[in-house]
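Have a look at the structure below, then the notes.
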Amino acid sequence: MKRRVKAESKQQQAFINQVINELKSNPAKLDIIRENLSYYREQQFLKRGFLLAIERFDWVFEASNDVEQICAQILADDYIGKRLRRYPLLYKGILERTY
């Protein structure tokens with residue numbers, strides 16, 4: 001039995017592209033993702049998929065601290081890239097404006 005792969009919506013793609021642009025223009029915001037990972041890692045009840053996404057992001061950060069490589073991995077059309085894009089809460093705070 002084959003699993004049906006859910007295509008990413010245009011809204012989801014637009015959000016991820018905005019996040020990528022923001023990270024490239026302000027690499028210090030990678031720390032926001034690290035803080036989000038720490039926060040969600042402490043939560044008692046998370047879906048297995050979300051926990052896998054956190055683990056995959058840990059792998060990405062272990063492999064590189066270069067914002068270009070991290071952004072390339074987020075956008076990659078492979079298992080890890082799709083997993084990282086599936087959970088927008090990981091990017092909470094990246095696009096928030098400070099006035």
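Computed quantities for the displayed model
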read-out: DSSP H segments from the chain that extend 15 Å or more along their own axis, Cα-based, with Kyte-Doolittle mean of 0.0 or above; value: 48-63
read-out: Computed lengthening from PHE50 to ASN26, 0.36 nm per intervening residue step minus Cα-Cα distance; value: 6.1 nm
read-out: Inter-label distance for ASP77 and LEU89, nm, one decimal - labels placed 7 Å from Cα along Cα-to-Cβ; value: 3.0
read-out: Estimated inter-spin distance, GLN12 and TYR39, nm [label 7 Å along Cα→Cβ]; value: 2.1
read-out: The chain, relative contact order [Cα under 8 Å, separation at least 6], %; value: 37
read-out: Mean Cβ count within 10 Å, highest first, over the residues of peptides 40-49, 55-64; value: 55-64, 40-49
read-out: D_trans [Stokes-Einstein, Kirkwood Rh over alpha-carbon pairs] for the stretch 21-99, 4 °C, 1.567 mPa s, µm² s⁻¹; value: 101
read-out: For the chain, calculated [θ]222 nm from helices alone, where every DSSP H run of n ≥ 4 adds -39500 (n - 2.57); value: -19000 deg cm²/dmol
read-out: Whole-percent carbon and sulfur share, accessible surface of the stretch 35-99, 1.4 Å; value: 50
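The values are calculated or read from the model by the stated rules, or taken from the named source; none is laboratory data. For clarity, every value in this text was computed on a predicted model and none was experimentally measured. Positions of Cβ are generated from backbone atoms using ideal geometry, with glycine treated the same way; all protein chains shown enter the neighbour counts. Surface accessibility is based on the protein's heavy atoms, side chains included, excluding ligands, DNA and RNA. Shrake-Rupley method; radii C 1.70, N 1.55, O 1.52, S 1.80 Å.
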